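Report on the structure given below.
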There are 2 protein chains.
Amino acid sequence: MQTALYMISSWTLHPQLAADTVAVGDLALSRVLLAKDANYPWLILVPRRAGVSELIDLAENEQVRLTAEIAAAAQALKETVPCDKLNIAALGNMVPQLHVHVIARTKNDAAWPKPVWGAVPPRAYDAGAMEGLLEKMRARLKLAAVGPQAL
Amino acid sequence: MQTALYMISSWTLHPQLAADTVAVGDLALSRVLLAKDANYPWLILVPRRAGVSELIDLAENEQVRLTAEIAAAAQALKETVPCDKLNIAALGNMVPQLHVHVIARTKNDAAWPKPVWGAVPPRAYDAGAMEGLLEKMRARLKLAAVGPQAL
């Protein structure tokens with residue numbers, strides 16, 4: 001029974017999010033991911049809480065924590081990459097695990113001024129460009145890389 | 001000079017948001033609006049702070065307040081209308097004034113599972129249906145209607 005309870009309460013990253021991103025690192029509440037789409041610098045924050053689909057499924061103090069982490073991610077992007085506007089969104093129509101998009105938009109990006117979802121196919125990062133952005137985000141957010149065992 | 005300073009710091013609702021919505025009422029920080037689109041029960045929260053475009057333009061305590069108001073709006077929708085998923089988003093690519101969409105989505109709505117923006121043209125509410133939803137939202141959020149002078 002102990003094992004079963006542990007399994008129910010244990011958080012794991014949704015496989016679709018794992019497939020579409022690389023891990024930047026873990027903040028106090030959220031795993032920070034970088035989308036594999038060079039069209040836009042695009043972070044995704046996933047609170048490490050099992051069974052949570054909506055912002056309002058989180059406890060109030062966790063909602064506050066998540067907001068602080070969203071703001072930190074937004075600030076890190078704004079200080080690091082070209083950014084005319086930040087887009088912040090928790091949709092979850094396709095992937096029910098609560099995840100928050102934090103995207104740096106520019107007026108000449110592939111989808112502007114439309115939302116990014118479904119606008120154009122993802123574009124692969126050049127070798128080195130993704131690693132460079134990961135390093136900058138880790139430095140700004142004071143994060144260590146997430147080991148494979150934590151994925 | 002006093003007049004000029006006052007004007008710079010005075011908040012007014014962006015005309016595009018005013019055109020696309022009706023006012024539900026004012027929470028401590030945000031004006032709550034209802035989109036004139038019967039395709040989805042769709043609230044928009046606009047912090048009454050002049051010159052603010054991004055979440056991270058708000059002071060930290062205002063970010064916390066906005067999160068609480070988003071959660072209250074989301075809860076009010078979830079308890080009032082059919083809702084398979086809440087969509088919460090601050091985009092602002094078209095209207096730079098900070099505003100947060102809080103939308104109740106269902107699996108048989110006009111855009112599911114796509115995001116709502118640009119998916120289908122807005123659909124007018126039937127007479128009475130909008131007023132009924134406004135009244136329910138005001139009751140849940142303990143809001144008085146916003147007078148025309150405050151628009």
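General observations
- On a per residue basis, chain B carries 49 Å² of accessible surface, using protein heavy atoms and a 1.4 Å probe.
- Virtual spin-label span in nm between B:Glu135 and B:Thr12, 7 Å along Cα→Cβ: 3.3
- Interface size A-B, as summed buried accessible area [1.4 Å probe, Å², nearest 100]: 2600
- Working note: Cα gyration tensor of the protein assembly as shown, eigenvalues times five, square-rooted, sorted largest first, giving semi-axes of 32, 23, 19 Å.
- Shortest-first nm distances, B:Asn108 label point to equivalent points in other copies (7 Å, Cα→Cβ): 4.8
- Accessible surface of segment A:58-149 [probe 1.4 Å, protein heavy atoms]: carbon and sulfur percent: 54
- Listed by number, the DSSP H helices of chain A that run 27 Å or longer by alpha-carbon position along their axis and have mean Kyte hydropathy of at least -0.5 are A:60-80.
- Placing a label point 7 Å from Cα along the Cα-to-Cβ direction at B:Ala19 gives distances to the equivalent points in the other copies of 4.2 nm, listed shortest first.
- Cα gyration tensor category, rounded, prolate or oblate, for chain A with a/c compared to 1.5: prolate
- Surface accessible to a 1.4 Å probe, A:Asp109 within the full protein complex, Å²: 20
- When the C-alpha to C-alpha distance is required to be over 18 Å, the pairs from A:Lys114/B:Lys107; A:Lys78/A:Lys142; B:Lys85/B:Lys107; B:Lys36/B:Lys107; A:Lys36/B:Lys85 that qualify are A:Lys114/B:Lys107; B:Lys36/B:Lys107; A:Lys36/B:Lys85.
- Interface residues, segment A:87-106 - accessible area loss of 10 Å² or more versus chain alone, probe 1.4 Å: A:Asn87, A:Ile88, A:Ala89, A:Ala90, A:Leu91, A:Gly92, A:Asn93, A:Met94
The values are calculated or read from the model by the stated rules, or taken from the named source; none is laboratory data. All figures in this text were calculated on a predicted structure; none of them were measured in a lab. As a convention, Cβ positions derive from the backbone with ideal geometry for all residues, glycine included, and neighbour counts pool all protein chains shown. Quick note on the areas: whole protein, heavy atoms, side chains included, nothing else; ligands and nucleic acids left out. Shrake-Rupley method; radii C 1.70, N 1.55, O 1.52, S 1.80 Å.
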